[in-house]
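The values are calculated or read from the model by the stated rules, or taken from the named source; none is laboratory data. Quantities reported herein were computed from a predicted structural model and do not represent experimental measurements. All Cβ positions, glycine included, derive from the backbone under ideal geometry; neighbour counts span all protein chains shown. We work out accessible area using only protein heavy atoms, side chains counted, and drop any ligands, DNA or RNA first. Shrake-Rupley method; radii C 1.70, N 1.55, O 1.52, S 1.80 Å.
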Amino acid sequence: MKHLASLLLLSAPLLLKAQNASHSLQKLWETDTIVAVPESVHPVPGTQRLYVSLIDGGAWDDDGKGGIGLLNTDGTHYNGAWITGLSAPKGMGVYQDRLYVADINRVVVIDRNKGRILKKIPIEGSVNLNDISVDPANGDVYVSDSKAGRLHRIKGDIPSLYMQDLPGINGLKVAKKGLYILAKKQVLLADAAGNTQKITDLPNGGDGIEEVGNGDLIVSEWLGNIFYVHADGEKEQLLDRKPEHKNTADIWYVQSTHTLYVPGFNGKTVTAYRLVTEKKKLNPASPVLKSNTSASSVNSTPSVNSTSSVNSTSSVNSTPSVDPAPPVLSWDGSRLYSWREKALAGDTVARRLVQGLRVQADKLLDMQPLSVMDKTITPISGNKHDYMSQAPYFWYDSSKPNGLPYIRRDGQRNPEIYRIPDHASLADLGGAVQQLSLCWYLTGEKKYSDKAALLLRHWFLDTGTKMNPHLDYAQAIPGINNGRGIGIIETIPLIGIADAALLLERSPSWPAADAKDLHAWYAQYLQWMLTSKNGKEEHAAANNHGTWYLAQATDFALFTGDSAAAGKLAEEGKNKMDHQIAADGRLPEELARTNGLHYSTYDLQALFTLARLARRANVDLWEYKNGKNGGIRVALDWLLPYALGEKKWEYEQISGYNKDEIYGLLLQASTVYNDRSYQAAAKKIHPDRGTAMTELTWGN
């Protein structure tokens, strides 16, 4: 048993640094108020999701109302019923295939792969278990008891008292330096012997604590404050949500993307922020492309400039062919090639972006393959190989004995939809294979192409797990239908997947037979889109659904080599623009929605995608103007000041707006229209660039 031995000054053992930078938080997105009292968030390893602990009752009530939810890292696809039957779940920690959750007086152990409770470990003498942190080196679990002032450790599923006499102990974070602890107002660092050093004091009392790097921390107070704490104890207040009556509970910070996730507790939201550092100094000698592979395994490696900081014996492994532009469709192959050449030549920005992408791709190497067979609900066809989903904006009608038929509430997502994972799984697959394939192209490391190929085979090609190439049962409305044409919007990820597959065709991981089979799958799906009842309905849609239909169909025609069909479909984009874009650039079909700002941006995203693809079919939509003189650029210029918050939005927007939705469009517009003002507007959103994936695909 460890006891609180001493309280030392920070000076000697801890890193001191000059305060040559200031910090702020930039809001990225916020969920609707549908999250059932979220106390803690934790990334799901290898995916783009978050675990969210949901109290859904009294903060310390042993009532069985709580659980664990899932939420995408872009704030979409909330599933509030992944794990149920808990009471007041709070802190969480992950080790291998286990998720540990603090729940009043026990730690619940959950099998992350199967989504079920394995066991509950009672903590003797505990009263109010609060936060959890897991040592990644050995799986030891540390859990705080706020009311008893004790810290427990679970080793091999056996709990023991580790430290005591820590009144109000809450937030924990295992780090290389030791264990960070929040105890009432104190921010402490404990070593392996239980000795503690005080770093600083907080105004009220800490809740969550996260490492930023170099000894710096981000600390939340439940009351609504978030602070940046420098290694020497100096504090900067990053956020005060008390005027909004919103809490800031047990936070999580992702260093690679500078993203802070904040559960709002009584506010019933989860919010994401980007940590912005002013006057940040980059290390120009960062070995971004350095491989862990020995020199003997380097094959066909392009020469690296001798002035580069990359050691010539550890450069790019199994590098792809150096053709000037890979044969991609929606992406710009010349831009990808340029980034790769810059990185190899030692360009600081390029190397930083490639390293950022590598960090994300490394997390995906442990990702479990996804399949339509994963769902527990079977479509009406009786065949689980058929994709299915439920309409998001339709709800149980409490005025009817059986709740049927469901009624529409535009812009309000029914959490029931997350019982069927096909939609979220396809979105996760799309993001994963794009990052993995691009990381292979830029680094040449075969582990990334191997993983991307495995994921593609599992979803599209393997007999036991493949998806049938149709969407007969997508976005069904209970009591009304078994599927709708509107559901075709859920296969937008197939556009990015096609580009990922084209990149992989140059790798040894994706042989010609697999490429041929995937092209055949896309051809069958395109045929279904063009001839089925659901496909024809979506083809005729007047709003963003119709635009996204054309973008998908044009892409799939190009991917399968049907250039005539691609040209015809791309040309139809002019008809969509004739109807959709007003003389001043407004998009009236989208302004009629309850989230008009979001859907206006969403339709612009579709138009940009279609315009990129149309150029491959020798159709120019970028410069096309309809009879009212409306066009893509006119629409972007009208929307931009609202998206940036420079003008007050005059239409309905019942949910928060994420400026990242328009960021990628600004990067593209800067190039397409040769107008640097769009680049300047993009910098208002991300002064120091956006995510690695966005910058590598659209940035300069």
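A few points about this structure:
- Solvent accessible area, Å² - residue 330, 1.4 Å probe, full protein context: 10
- Sorting 363, 648 by solvent-accessible area of protein heavy atoms yields 648, 363, largest first, with a 1.4 Å probe.
- A probe of 1.4 angstrom, applied to the heavy atoms of all protein chains, finds residue 562 with accessible area near 70 square angstrom.
- Segment 531-678, dipole about Cα centre (Lys/Arg Cβ +1, Asp/Glu Cβ -1), debye to the nearest 20: 160
- Net charge over other residues, Cβ less than 14 angstrom from the Cβ of residue 262 (K, R count +1; D, E count -1): -2
- Couplings 3J(HN,Hα) of segment 67-82, computed from phi: x, 10, x, 10, 8, 5, 6, 9, x, 9, 6, 7, 10, x, 10, 5 Hz, in residue order, whole Hz [Karplus 6.51 cos²θ - 1.76 cosθ + 1.60, θ = phi - 60°; x for Gly and Pro].
- Taking 0.36 nm per residue of separation and subtracting the Cα-Cα distance, full extension of the segment from residue 157 to residue 684 would add 184.8 nm.
- Between the amide H of residue 115 and any residue lying 5 or more places away or on another chain, no distance stays under 5 Å, with hydrogens modeled in the peptide plane.
- Virtual spin-label span in nm between residue 119 and residue 533, 7 Å along Cα→Cβ: 5.3
- In a DSSP loop and with at most 11 other Cβ atoms within 10 Å, there are no trypsin sites (Lys or Arg not before Pro) in segment 446-483.
- Accessible area per residue for segment 452-571 is 33 Å², calculated with a 1.4 Å probe on protein heavy atoms, without ligands, DNA or RNA.
- Put simply, the amide H of residue 199, placed in the peptide plane, has neighbours under 5 Å in 187, 188, 189, leaving out anything fewer than 5 places away on its chain.
- Working note: Karplus 6.51/-1.76/1.60 with θ = phi - 60° gives segment 579-592 the couplings 7, 7, 9, 7, 4, 8, x, 4, 10, x, 4, 7, 5, 7 Hz, where Gly and Pro are set to x.
- Separation of segment 456-506 from segment 111-128 is 36 Å, based on Cα centroids.
- Proportion of all alpha-carbon pairs of segment 58-176 beyond 16 Å (%): 59
- From phi via Karplus (6.51, -1.76, 1.60), per-residue ³J(HN,Hα) for segment 93-100 in Hz, x at Gly/Pro: x, 10, 9, 6, 9, 10, 10, 9
- For residue 399 and residue 138, the FRET efficiency from 1/(1 + (r/R0)^6), where r spans their Cβ atoms and R0 equals 56 Å, is about 0.50.
- Most to least accessible of 600, 563 (protein chains only, probe 1.4 Å): 563, 600
- Segment 594-674 - percent of accessible surface contributed by carbon and sulfur, probe 1.4 Å: 43
- Modelled this way, with points 7 Å down the Cα-to-C-beta line, the labels at residue 408 and residue 673 are 3.2 nm from one another.
- Inter-part distance where segment 207-248 and segment 165-202 are each reduced to a Cα centre, Å: 15
- Multiplying the residue separation of residue 96 and residue 648 by 0.36 nm and removing their Cα-Cα distance gives an extension gain of 194.0 nm.
- Within the chain, percent of DSSP bridges classed antiparallel, to nearest 5: 95
- Neighbourhood net charge (15 Å Cβ-Cβ; Lys/Arg +1, Asp/Glu -1) for residue 558: -3
- Each peptide in 511-517, 530-536 receives the mean, over its residues, of other Cβ atoms within 10 Å, and ordering these scores from highest gives 530-536, 511-517.
- Residue 51 long-range amide H proximity, modeled H, under 5 Å: 42, 44
- Potential lengthening of the chain between residue 481 and residue 637 amounts to 52.2 nm, from the contour at 0.36 nm per residue minus the alpha-carbon distance.
- Filter on 342/574; 90/177; 173/242; 119/447; 155/235 - keep pairs with C-alpha separation over 30 Å: 342/574; 119/447; 155/235
- Residue 388 accessible area, 1.4 Å probe, all protein chains in place, Å² to nearest 10: 20
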